[in-house]
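The values are calculated or read from the model by the stated rules, or taken from the named source; none is laboratory data. Values in this document were obtained by computation on a predicted structure and should not be read as measured data. Glycine also receives a Cβ, built like all others from the backbone with ideal geometry; neighbour counts cover every protein chain displayed.
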Amino acid sequence: MLRAAENQRFKEKWILIGLASLLFLSFIICASLADDWTYQYVNDTFHNFTWYNNSIVMQIRTCALSDCSDADFVGPSNSTSQWYNNSNVEYINETVNVTRYFQYKARLNKNSGGTSPFLYNVSIKVYNETEIEQVSISPDPAYEYLSPMNCSATVYTPNNDVNITFTWYKNGVFNFSATNQSTSGAIKRLTLPSEHKVGEVWNCTVNASDGATYDNASTIITVSHSPAGTYATVGDVF
């Protein structure tokens, strides 16, 4: 609860992770007993106002009509009785089907009686997250004793610079790992340094991060018999 003699403004960010974006809900909450609504900026403490993870909650809706009269505000599980909040982060893309128009609303939950802030000037902006577009192993198919296998990945990030970690597993067991620095949209590759034999199942897992967001993806390949022909490895005697 705010002290009755204080006019205070708070600024916070509410983060919601989407499949390909982060939604930052910025808001200002205000409290005042004066009519002129003069504000004092407070950056250090909350002055007896207890701040919980579910203090600020949000619902969204997507609509075909410009006035959104054809849709209800919903939260997780596409439910009108649920709200998104910091302690229950959900994927927006899995909640509603995207249509032409998008609306959101926010609510402040009070945790005590008396003087309390109210929401003012709620706004939202989109921040793209790190995304791995594709992970592939080449050559495909992979043959025993032939060309070494390469794992390739393309990563996109709004921060341009990204760290990409490639990890090779053989039959489910860790084999080799390396981290490369890259830029958004560039293709990076890691060559498997060991031989691969018939029947082995190789997994390449890629983890990417720009320091703020991250993504991971993987793919597998099974080593096949070499195609028809005569092949020799060092040590073979004819």
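Exactly one condition in (1) surrounded by 13 or more Cβ atoms within 10 Å (Cβ to Cβ); (2) of a type in the set (Gly, Ala, Ser); (3) over 25 Å from Glu131 (Cβ atoms) is not met by Gly172; state its number.
Unmet condition: (1).
I'm trying to understand the selection: among the residues of the range 208-230, which are farther than 25 Å from Val162 by Cα and either surrounded by 12 or more Cβ atoms within 10 Å (Cβ to Cβ) or without any contact (Cβ under 8 Å) to a residue 24 or more places away in the chain (or both)? I'd like the intermediate steps shown before the answer.
Initially, the range 208-230 is screened for residues farther than 25 Å from Val162 by Cα, giving 221-230.
If the condition is that a residue be farther than 25 Å from Val162 by Cα and either surrounded by 12 or more Cβ atoms within 10 Å (Cβ to Cβ) or without any contact (Cβ under 8 Å) to a residue 24 or more places away in the chain (or both), then Ile221, Thr222, Val223, Ser224, Ser226, Ala228, Gly229, Thr230 are the ones that fit.
Any residue in the range 178-207 that's touching a residue at least 24 places away in the same chain (Cβ under 8 Å): show its pairings with residues that are surrounded by 12 or more Cβ atoms within 10 Å (Cβ to Cβ) and acidic (Asp, Glu) at Cβ separation under 6 Å, as long as the two are six or more apart or on different chains.
Close Cβ pairs (under 6 Å, with a partner that is surrounded by 12 or more Cβ atoms within 10 Å (Cβ to Cβ) and acidic (Asp, Glu)) amount to Lys197/Glu144; Val198/Glu144.
Considering only residues that are over 15 Å from Gln103 (Cβ atoms) and crowded, with 16+ Cβ neighbours inside 10 Å, look in the range 72-85 and name the one that is farthest from the chain's Cα centre (by Cα).
Looking at the filtered set, the residue picked out is Gln82.
Filtering the range 120-147 down to residues that are over 16 Å from the mean Cα position of the chain (by Cα), outside any strand (DSSP E or B) and at pLDDT below 85, which residue is surrounded by the fewest Cβ atoms within 10 Å (Cβ to Cβ)?
If we take residues in the range 120-147 being over 16 Å from the mean Cα position of the chain (by Cα), outside any strand (DSSP E or B) and at pLDDT below 85, then Ser147 is surrounded by the fewest Cβ atoms within 10 Å (Cβ to Cβ).
Quick one: which strands (runs of 3 or more DSSP E) sit completely within the range 182-238 and have at least 2 residues that are among the basic types (Lys, Arg) and either out of contact with any strand residue (DSSP E or B) (no Cβ under 8 Å at 6 or more places or on another chain) or modelled with pLDDT of 85 or more (or both)?
Once the strands (runs of 3 or more DSSP E) in the range 182-238 are filtered for at least 2 residues that are among the basic types (Lys, Arg) and either out of contact with any strand residue (DSSP E or B) (no Cβ under 8 Å at 6 or more places or on another chain) or modelled with pLDDT of 85 or more (or both), what remains is 187-191.
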